[in-house]
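Chemist: Got a structure for you, written out below as structure tokens; questions coming shortly.
The values are calculated or read from the model by the stated rules, or taken from the named source; none is laboratory data. Computed from a predicted model, the values in this text were never measured in an experiment. Positions of Cβ are backbone-derived with ideal geometry, glycine not excepted, and every protein chain shown enters the neighbour counts. Accessible surface is based on the protein model in full, side chains and every heavy atom, while ligands, DNA and RNA are left aside. Shrake-Rupley method; radii C 1.70, N 1.55, O 1.52, S 1.80 Å.
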Amino acid sequence: MSPFLSAARTNGKYTSEDRLLYSYQLDGQDWSPYQEQRNASFLDLPAGKHTFRVRSMDRNWNVDPTPALLQFVIAVPWYRESRLMFISSLGLAVTIFFAGLAFNRHRQLVRSYAEVEAKVTLRTQQLERANQELFHSQK
């Protein structure tokens, strides 16, 4: 729905839209100068509620007494949503925590494998010595 009027009623008469001039106001700021342009673009409006008003005037300087009103809301971009940032931060913290646990567990496993291997080597050497002693005692 365009808030720009297609015709204005002044003094009981209608003025065709090609003869109207338009002025707009955004969020209570100053009214724009009257112009023939029937559309307006606003780039980079901040997130939140906004109020847009439009009034028309004919070429005899008769101004429409009741400006058209449009209220709209601009949502925060998804990547700036505070809930998303909180959940992402929490997810990152949980990921780092479990990565630290996994890394610590891996170090413990490597250390225990080295200990087991050292014990196996020691026992193997003891068995070889006992085998040699047994072999020598049988001679």
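Chemist: Solvent-accessible area per residue for region 55-129 at a 1.4 Å probe radius, Å²?
Modeler: On the way: 6560 Å² over 75 residues.
Per residue, region 55-129 has an accessible area of 87 Å².
Chemist: Longest exposed-loop-site-free stretch of the chain, with chymotrypsin sites (Phe, Trp or Tyr not before Pro), DSSP loop and at most 14 other Cβ within 10 Å? Could the numbers behind the result be given before it?
Modeler: Details: sites that count: W31, F42, W61.
Here the longest segment lacking exposed loop sites spans 62-139.
Chemist: Quick check: from the Cα gyration tensor, does region 9-71 come out rounded (a/c under 1.5), prolate or oblate?
Modeler: Prolate, since a/c reaches 1.5 and a/b exceeds b/c.
Chemist: Okay, moving on. Suppose each label sits 7 Å from its Cα in the direction of the beta carbon; what would the A93-R107 distance come out to in nanometres?
Modeler: Between A93 and R107, the label points sit 2.3 nm apart.
Chemist: Separate question: Report in % the part of the accessible area of the chain that belongs to carbon and sulfur, leaving out ligands and nucleic acids; probe 1.4 Å.
Modeler: 57 percent
Chemist: Here is a follow-up. Per-residue ellipticity at 222 nm for the chain, helices alone: DSSP H runs ≥ 4 residues times -39500 (n - 2.57), over residue total, nearest 500 deg cm²/dmol?
Modeler: -15500 deg cm²/dmol
Chemist: Provide, as a two-decimal number, the C-alpha radius of gyration of the chain over 2.2 N^0.38 Å, N being how many residues it has.
Modeler: Normalised Rg, Cα atoms only: 2.87.
Chemist: So, one more: Based on the Kirkwood radius over alpha-carbon pairs, what value in µm²/s does the Stokes-Einstein equation return for the translational diffusion coefficient of region 92-139 at 20 °C and 1.002 mPa s?
Modeler: 156 µm²/s
Chemist: Could you check the spin-label model distance between A130 and F72? Points 7 Å from the Cα along Cα→Cβ, value in nm.
Modeler: Label-label distance for A130 and F72, simple model: 8.8 nm.
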